[in-house]
Amino acid sequence: MFAPVFLKPTIFLSFLFFFCATAVAQRGGSKVVDDSTRNVYGPNTTRWISEEDLFYDRKNYQTIDTSIINYHRWTYVQRFNNKYKDLGNIGTALYPVFPVVDGSIGVSTGYHVYDPYFFTEEPKYFDTKSPYTRMRIIWGGDGRAMTRIEFSRSINKRLSFGFNYRPLLVDKQIQRAGKGDRQTTSHYYDAYTTYKTSNDKYQLLINYRRIRHSVVELGGITVVDAPGDSTYASLFDENNSPILTEAKSVHLQNQVHLFHQYRIGNGFQLYHQSDLGKKVNTYEDDLTIDPRTFYDNEINVDSFPDVANDSTRFSFWTNELGLKGKIGRVFYNGYVKSRSYKFRYKYLTADTLDIPLTDDEYYIGGRLSYEHDSVTHLTAWLEYLDGGNYRAQFTLQSRWIDAKAVQLLSRPSFIHNAYRGSFDFWNNRFKNTTATQLEVFGKLSLGRIFISPGFKYTDYRDYIYFKEGDYAGTTQKVMPVQSSGKQELLSPELRMDVRFLRNLHLRPQVIYSAFLTNDDDALRVPELFVNTQLSYENMLFNNNLQVQIGVDFHWRSSYYDLAYDPAMQQYYVQDQIASPAFPLTDVFFNGKMKRGRFFFKYNNLVQAFTQSGYLATPVYPGQRNILDFGFELLLFD
């Protein structure tokens with residue numbers, strides 16, 4: 001709905017004219033006088049705070065982000081510093097390159113590849129002195145568009161509300177029929193309100209969030225064997241066609257969140273928080289058009305054998321009741337929590353399974369935090385789930401060192417334990433998984449050099465994952481399995497920021513990964529992972545234009561990366577295709593004039609010369625060389 005309007009040249013010129021006119025109109029300065037003569041409001045009068053800071057009773061209000069550093073990194077993979085991968089186009093299934101130990105210790109759906117589009121940015125709670133609006137519009141080449149509209153207003157000192165709307169409209173990058181031939185159509189929005197009494201004893205936060213994320217699944221490109229060619233050059237032919245044309249995944253998720261607290265006496269608070277939500281994942285395909293041979297197995301699940309229409313639905317209601325407070329610099333918290341859930345398979349019923357699909361979970365837990373000053377926090381979080389599952393987490397943030405240790409004993413997800421769809425079927429009884437992760441990073445500034453050496457250690461016991469192989473009694477090639485051994489991964493890392501020749505910055509990040517133990521070859525990570533940025537940063541034209549001009553470089557060594565199964569929406573271990581190393585290079589120009597930011601970025605410069613690209617995921621070519629443009633306006637009236 002929005003993309004055709006946004007892409008019209010007349011609209012573009014109108015926005016550009018408005019952008020320039022705004023900058024010129026503000027050249028006279030920004031000295032505050034009063035409301036009647038000048039708009040006194042701006043980025044410094046609009047502040048926000050997170051729910052976490054409110055929970056810990058930290059008055060950590062922050063001004064809105066107006067920095068241009070890395071403003072060009074607008075795709076999700078780039079925002080995660082290339083530590084996530086996708087299927088070569090924006091909005092497709094995301095997965096971490098390195099293991100991430102996080103999440104619930106109770107049951108989960110197991111569908112996580114679209115979660116980052118929902119959970120990446122939780123609502124911020126603003127304290128504005130005027131209406132605040134942020135409009136960000138990005139026109140990527142070949143029909144890749146993203147818009148962000150953010151609005152907030154404080155009605156008075158006690159009541160405020162706001163909303164966010166983020167459409168993501170992305171055309172196919174392989175055999176695009178024309179403008180509007182979508183691969184990704186995503187609409188996310190949230191709305192929130194806050195309230196507190198005049199004496200600050202009672203405070204209420206409530207928000208509603210929803211996303212409908214639809215992706216046309218292409219199934220990748222057929223690999224053409226070429227003796228001696230380990231780069232899979234045939235995958236990057238512009239005349240290639242995707243394997244699938246009619247398949248589609250849809251991720252629908254919404255959630256209502258409530259948090260309120262009441263202060264009793266000096267520093268003692270009672271609180272309650274509640275989450276009510278649902279998560280629906282579907283997969284569709286028309287087998288009269290798409291090749292049946294793409295799927296390794298077929299199961300007669302209904303009376304329409306030529307149409308795949310698989311789905312799962314998860315609904316939950318969580319309530320947490322607790323007390324918290326501060327004694328000096330020490331924050332304490334204790335709570336009890338319940339979660340009622342219901343999971344529905346379209347083609348499985350509870351009486352055929354070894355696991356309950358409807359149940360209640362009961363938790364008890366607590367947090368303890370020592371806050372030495374505004375930047376130094378030592379926090380512990382312990383949580384126990386009835387039945388033996390637990391979370392133990394410790395976090396240190398300081399000027400000199402950041403550290404985090406977490407250990408989880410988690411229940412298997414629903415999709416790992418059981419599933420029945422048009423192409424897959426299994427019924428397992430997996431054990432709980434133990435995951436441990438420790439990361440430590442030092443921070444040292446030596447004049448114009450900032451250096452941050454550190455490491456991350458990850459340990460899994462009874463790890464559950466999807467694996468390609470031959471399985472007895474079925475033609476299915478990809479199934480969930482549980483490792484009987486353990487996996488230990490050590491990843492030393494070095495981050496730096498070197499300033500030289502006054503305005504030049506070099507920012508390298510190097511990660512070396514070594515397996516101490518990797519039973520069943522269950523984990524796959526690149527041995528060497530490199531991000532580097534070289535940029536020129538300065539104020540130009542009498543300080544009217546701030547710029548960052550530079551080059552981003554990403555490289556990782558060749559390895560057998562995880563492949564993707566669209567019907568299950570799962571990444572899996574495979575040994576058929578090694579993703580080759582490739583020097584992914586982007587050139588960018590970021591700028592800011594007064595309250596407006598903009599960027600130009602040319603993606604994948606190397607492919608413009610070599611005509612050969614990189615594999616985002618096995619058999620999925622990555623983004624081709626292309627130009628992106630985006631801008632943003634901040635309004636305070």
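Things to note:
- Electrostatic dipole magnitude of the chain [Cβ: Lys, Arg +1; Asp, Glu -1; Cα centre; debye, to 20]: 3260
- Label zone at Asp354 (point 7 Å along Cα-to-Cβ), backbone N below 17 Å, segment 404-420: 411-420
- FRET efficiency, 1/(1 + (r/R0)^6) with R0 25 Å, evaluated for Ser374 and Ile451 via beta carbons: 0.60
- Think of the chain as having a plus end and a minus end, set by charges on the Cβ of Lys, Arg, Asp and Glu; of Tyr370, Val619, Tyr188, Tyr370 sits farthest toward the positive end of this dipole.
- Since only Tyr71, Leu235, Val406 are under comparison, the one whose Cα sits farthest along the positive direction of the charge dipole of the chain, derived from C-beta charges on Lys, Arg, Asp and Glu, is Tyr71.
- Remark: spin-label model distance Thr517-Leu276 equals 4.6 nm, labels positioned 7 Å along the Cα→Cβ axis.
- Summing +1 for each Lys or Arg and -1 for each Asp or Glu among the other residues whose beta-carbon sits under 15 angstrom from that of Glu493 gives +3.
- The count of lysine pairs in segment 408-532 that are at least 8 places apart or cross chains, and whose C-alpha atoms lie under 22 Å apart, stands at 6.
- Helical mean residue ellipticity (222 nm; -39500 (n - 2.57) per DSSP H run of 4+; nearest 500) of the chain: -1500 deg cm²/dmol
- Hits among lysines - C-alpha to C-alpha of Lys248 under 18 Å, sequence gap 8 or more where chains match: Lys172, Lys279, Lys346
- Proximal aspartates and glutamates relative to Lys85, as straight alpha-carbon distance under 17 Å, when same-chain residues fewer than 8 apart are discounted: Asp115, Glu217, Glu527, Asp552, Asp561, Asp565, Asp586
- Of the residues Lys83, Lys431, Lys594, the one with the fewest other Cβ atoms within 10 Å heads the list, and the complete ranking is Lys431, Lys83, Lys594.
- Cross-link reach is defined here as a Cα-Cα straight distance under 19 Å, omitting same-chain residues fewer than 8 places apart; for Lys324 the aspartates and glutamates meeting it are Glu51, Glu52, Asp53, Asp57, Asp200, Glu371, Glu383.
- Relative contact order of the chain, defined on C-alpha pairs under 8 angstrom at six or more residues apart (%): 12
- Cα gyration tensor, segment 410-531 - rounded (a/c under 1.5), prolate or oblate: prolate
The numbers here are math on the coordinates, done by the rules we state, and not lab data. If you're wondering where the values come from, they're calculated on a predicted model, not measured in any experiment. Cβ sites come from the backbone with ideal geometry, for glycine too, and all protein chains shown count toward neighbours.
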